[in-house]
Amino acid sequence: MSTKRTKAYSPSSIFTREYRLETSDGFIIESGDIIKVVGQYGLRFRFESVVTNPATGARWVDCYELERGLVARSRSFPIEDIKRVPKKRPRKAKKNV
């Protein structure tokens, strides 16, 4: 019986990834930001990347579904269905008059 180990083969991906997405209204979504998807009611996702297949020109968004704030499963959606969730601003201090 042979105990020779071989290295794991990792095929090179033909897809290209971009870790930023500029929305149609001019906002930038970066990897790790929370997003919503049109048609997926009550669900929030963590943006991972925009994937492009150079052979066909197809583009989609890879993201992770969040359940109770934890990453649950990987999902992919068309770019047109992505909505940005605004980040909360710090609360302004009240002025005493």
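Results, tabulated for the structure shown:
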read-out: Normalised convex hull volume, the range 16-84, alpha-carbon set, Å³ per residue; value: 85 Å³
read-out: In Hz, Karplus ³J(HN,Hα) per residue of the range 22-37 (6.51, -1.76, 1.60; θ = phi - 60°; x = Gly, Pro); value: 9, 6, 5, 8, x, 8, 9, 10, 10, 4, x, 6, 8, 10, 10, 10
read-out: Contour excess over end-to-end distance, with Cα ends at Tyr19 and Ala55 and 0.36 nm allotted per residue; value: 11.0 nm
read-out: Positive minus negative residues near Leu66 (Lys, Arg vs Asp, Glu; Cβ under 11 Å); value: +4
read-out: Residue of Ser31, Ser76, Ser13 that the Gaussian network model of the chain assigns the largest fluctuation, springs spanning Cα pairs under 10 Å; value: Ser13
read-out: Mean shadow area of the range 55-97 over all directions, Cα convex hull, nm²; value: 6.0 nm²
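FYI, it's all coordinate maths here, none of it is from the lab. Keep in mind that what you see is a predicted model, and the values were worked out from it rather than measured. No Cβ is skipped: glycine too gets one built from the backbone with ideal geometry, and neighbour counts run over all protein chains shown.
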